[in-house]
Amino acid sequence: RKEVEQDPGPFNVPEGATVAFNCTYSNSASQSFFWYRQDCRKEPKLLMSVYSSGNEDGRFTAQLNRASQYISLLIRDSKLSDSATYLCVVITTGTASKLTFGTGTRLQVTL
Amino acid sequence: EPEVTQTPSHQVTQMGQEVILRCVPISNHLYFYWYRQILGQKVEFLVSFYNNEISEKSEIFDDQFSVERPDGSNFTLKIRSTKLEDSAMYFCASGGGLSRETQYFGPGTRLLVL
């Protein structure tokens, strides 16, 4: 079983739509969770950390369900500039903060 | 805004040759990492480095690879005797400002082994 699993997509949505991505992780010792964004042939960029109580940053909302070992990202009012691959990332206890990445979910926002 | 820089942006080499990839982490960061991404695949951890020594390495990071922080600012990844399957994007990251776990990535070096 993959450590971090994501639906690869692509998700094709019109501008203004709300879209949600899910991610599951297999290691119950995972302690920290993030969403990164990666544009084509570019480096991953931190979008937001994910906290147990859930957190919001503008149009982006992240949720964590430790019992079910899944993480979600909700994007409201999608913009063309949101088109990218969204990477679910975890850090597992005792791993010197190495990031474990999912394969990413590709989002394409269209006019 | 401080950022991680990497050189070169692209490197083409012949199989069997040695390459050195260079990174300048964010200046007040203490934790340094190398990751790689083979085209079309996920980002994979290679090695983490703290206090002038390797703190963790993956199975990928075998004797062919080494890292060094030669002068207090640069952080290098050396790949000896490159193989075709070493072709990938190599990302350097640094962390340890406000939060050790928040890592910032450089723009990457695209390595092509022929």
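The values are calculated or read from the model by the stated rules, or taken from the named source; none is laboratory data. For clarity, every value in this text was computed on a predicted model and none was experimentally measured. Virtual Cβ from ideal backbone geometry, glycine too; neighbours counted across all protein chains shown. Quick note on the areas: whole protein, heavy atoms, side chains included, nothing else; ligands and nucleic acids left out. Shrake-Rupley method; radii C 1.70, N 1.55, O 1.52, S 1.80 Å.
Structure notes:
- Shielding by partners - mean other protein chain Cβ count within 10 Å, residues of B:45-55: 2
- Cross-link pairs exceeding 20 Å in C-alpha to C-alpha distance, out of A:Lys42/B:Lys83; A:Lys2/A:Lys98; A:Lys45/A:Lys98, comprise A:Lys42/B:Lys83.
- Accessible area buried, both sides summed, chains A and B with 1.4 Å probe, Å²: 1700 Å²
- Relative contact order %, chain A, counting alpha carbon pairs below 8 Å whose residues are six or more apart: 38 percent
- Largest-first principal axis extents of the Cα set of chain B (Å): 41, 26, 26
- The residues of the protein assembly as shown have, on average, 49 Å² of accessible surface per residue, using a 1.4 Å probe with all protein chains present.
- With a 10 Å cut-off around each Cβ of A:33-45, the average count of Cβ atoms from other chains is 4.
- Split the accessible area of the protein assembly as shown by element, probe 1.4 Å, and carbon with sulfur accounts for 47%.
- Within 10 Å of the Cβ of each residue in A:97-108, the mean number of Cβ atoms contributed by other protein chains is 5.
- For B:Lys78, the aspartates and glutamates whose Cα falls under 14 Å of its own Cα, not counting residues fewer than eight places away in the same chain, are B:Glu18, B:Asp62, B:Asp63, B:Glu68, B:Asp86.
- Annotation for the stretch A:7-111: chymotrypsin sites (Phe, Trp or Tyr not before Pro) lying in DSSP loop with at most 16 further Cβ atoms inside 10 Å of their Cβ are A:Tyr51.
- Summary: within chain A, the longest segment free of trypsin sites (Lys or Arg not before Pro) located in DSSP loops with at most 16 other C-beta atoms within 10 Å is A:3-40.
- For chain A, Cys with no neighbouring Cys Cβ under 4.7 Å: A:Cys40
- Of B:Ile79, B:Ile54, B:Ile26, the one that fluctuates the most in a GNM where chain B has Cα springs shorter than 10 Å: B:Ile54
- The stretch A:9-43 versus the stretch B:20-49: alpha-carbon centroid distance in Å: 20 Å
- The loop-placed GluC sites (Glu not before Pro) in the stretch B:4-59, going by DSSP, that have at most 11 neighbouring Cβ atoms within 10 Å of their Cβ come out as B:Glu18, B:Glu59.
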